[in-house]
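Below is one structure, written out as structure tokens, with a few remarks after it.
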Amino acid sequence: MLPTDQRLSRTDLLRRFAETGRNHPYLAFTLNSICNLDCVFCKPRCMPDYGHKDKTLTVSDYAGIANEAGLWGIRKAHCSGGEPTLRADILDIIRALSDGLGDKATIGMTSHGNLRRGLTVDALHDAGLTYLNISLHSLDPSRSSEIMGGGDPRLSRATIDRALELGLKVKINCVLQRSYLDDAFGVAELARRLPIAVRLIELQRIGPAEALFPTEFVPEAEVRERLHTWFEKAGEISRTELGVRSPGQYLRPTGWAGSIGFISNSSCATCSDANRIKITPTGIARPCILHNRDIPLKPHLAADTMADAYAHLFHSMLERDTNEAWQGFHYVDYDLRWDRMERPQGMPVLPLLPVAGGAGGSCSTRRPAGDVG
């Protein structure tokens with residue numbers, strides 16, 4: 001924690017953060033380390049400790065984190081995994097986050113959409129979920145299974161349709177791979193008649209995707225050229241309207257109900273507006289991957305000192321821009337599912353990625369990067 005003479009009041013920290021002009025922080029929870037699918041670019045089961053029983057945060061822990069966050073003006077929380085819907089207490093977690101952040105809270109979740117028996121979109125909505133991100137990489141059941149190691153895209157589609165009926169905002173995350181590029185375009189075309197945002201996501205050199213990268217990476221620039229007839233008269237949709245802060249344009253082709261955007265962290269190397277407070281399954285909060293200023297939240301929950309924890313987090317985010325290691329480039333992040341991985345302390349931890357163009361393409365429009373929530 002910061003020495004007493006370096007601490008600022010909550011009011012002062014919030015004022016200083018607002019003066020930076022950056023998006024206000026939000027909570028990005030990784031709820032678990034397990035998934036019942038096995039995507040080729042993720043492959044959680046290849047981890048030697050897969051299935052290890054983490055001492056994960058409890059519902060009361062999430063409530064404590066969210067209650068204090070609300071006092072700091074945080075109004076958004078996003079839940080991912082693993083597959084977050086595998087948690088038996090997922091509805092209670094969503095409810096705790098919604099209650100803690102207040103009436104105007106934005107509560108989202110990323111899921112593959114093949115909900116376990118007994119869990120429904122209706123129940124998630126009733127608990128407080130306001131938007132849903134569905135991972136969907138092909139509409140063909142057999143090819144989808146090749147990519148995701150199981151599951152059924154028809155079930156994902158049913159989840160999407162019900163979410164839209166209930167008024168939830170829906171985004172689709174589709175990872176671009178050269179062997180499945182036409183599949184990705186088929187997924188993108190769902191936005192022709194559905195009011196959704198389809199995000200075409202570049203592979204990153206991280207985890208199992210590193211081995212795929214030389215043959216499967218497709219840059220945003222190439223996809224834009226392939227889909228130029230969709231985009232030539234497309235209008236841009238503001239990220240505020242869509243409820244997203246992720247990098248890149250969101251374009252609505254003429255006559256379409258939805259939009260298409262890009263998450264291009266391999267060819268567009270910037271994270272100048274990153275604003276996630278990342279929280280691992282066991283309660284380690286990470287305000288910035290460059291500073292190594294991780295902070296365990298469980299001791300603060302136990303001691304009722306969460307105000308000190310948030311002061312640390314905001315102070316760390318303010319100092320991020322002065323970190324000589326940062327230099328405005330995007331850094332590949334640690335995989336937060338595996339928060340048992342050791343992190344070195346007090347030094348930059350990862351090498352810089354190449355600047356735009358170094359990964360085989362460049363993004364057409366540079367924008368500050370934020371979340372992919």
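The values are calculated or read from the model by the stated rules, or taken from the named source; none is laboratory data. Here the structure is a predicted model, which is why all the values come from computation and not from measurement. FYI the Cβ positions are ideal-geometry reconstructions off the backbone, even for glycines, and counts take in every protein chain you see. To get the accessible areas, we keep the full protein, side chains included, count just its heavy atoms, and leave off ligands, DNA and RNA. Shrake-Rupley method; radii C 1.70, N 1.55, O 1.52, S 1.80 Å.
Flag: ALA63 does not match the condition of being assigned to a loop (DSSP other than H, G, I, E, B) and at pLDDT 90 or above.
Taking strands (runs of 3 or more DSSP E) that do not extend beyond the stretch 227-320, which have at least 2 residues that are at pLDDT 75 or above and under 17 Å from the mean Cα position of the chain (by Cα)?
Values: elements: 250-252, 259-263, 276-279, 284-286.
Once the strands (runs of 3 or more DSSP E) in the stretch 227-320 are filtered for at least 2 residues that are at pLDDT 75 or above and under 17 Å from the mean Cα position of the chain (by Cα), what remains is 259-263, 276-279, 284-286.
If you go through the stretch 168-194 and keep only what is in a loop (DSSP other than H, G, I, E, B) and farther than 16 Å from LEU136 by Cβ, you end up with nothing. Residues that are open to solvent by 30 Å² or more (accessible area, probe 1.4 Å) and not in a helix (DSSP H, G or I) within the stretch 81-104 comprise ALA88, ASP89, ASP103, LYS104, listed in sequence order.
Given the condition of a type outside the set (Gly, Ala, Ser) and within 18 Å of HIS78 (Cβ to Cβ), answer yes or no: does some residue in the stretch 141-159 qualify?
yes
ARG192 meets all of the listed conditions (1) more than 14 Å from SER259 (Cα to Cα); (2) in contact with a Phe, Trp or Tyr (Cβ under 6 Å, 6 or more places away or on another chain); (3) open to solvent by 60 Å² or more (accessible area, probe 1.4 Å) but one, namely (1). Would you check which residues across the stretch 153-170 are more than 22 Å from the chain's Cα centre (by Cα) and open to solvent by less than 40 Å² (accessible area, probe 1.4 Å) and list them? Hits for the stretch 153-170: nothing passes. So how many residues does the stretch 129-147 have that are in contact with a Leu (Cβ under 7 Å, 6 or more places away or on another chain) and open to solvent by 10 Å² or more (accessible area, probe 1.4 Å)? Number of matching residues: 1.
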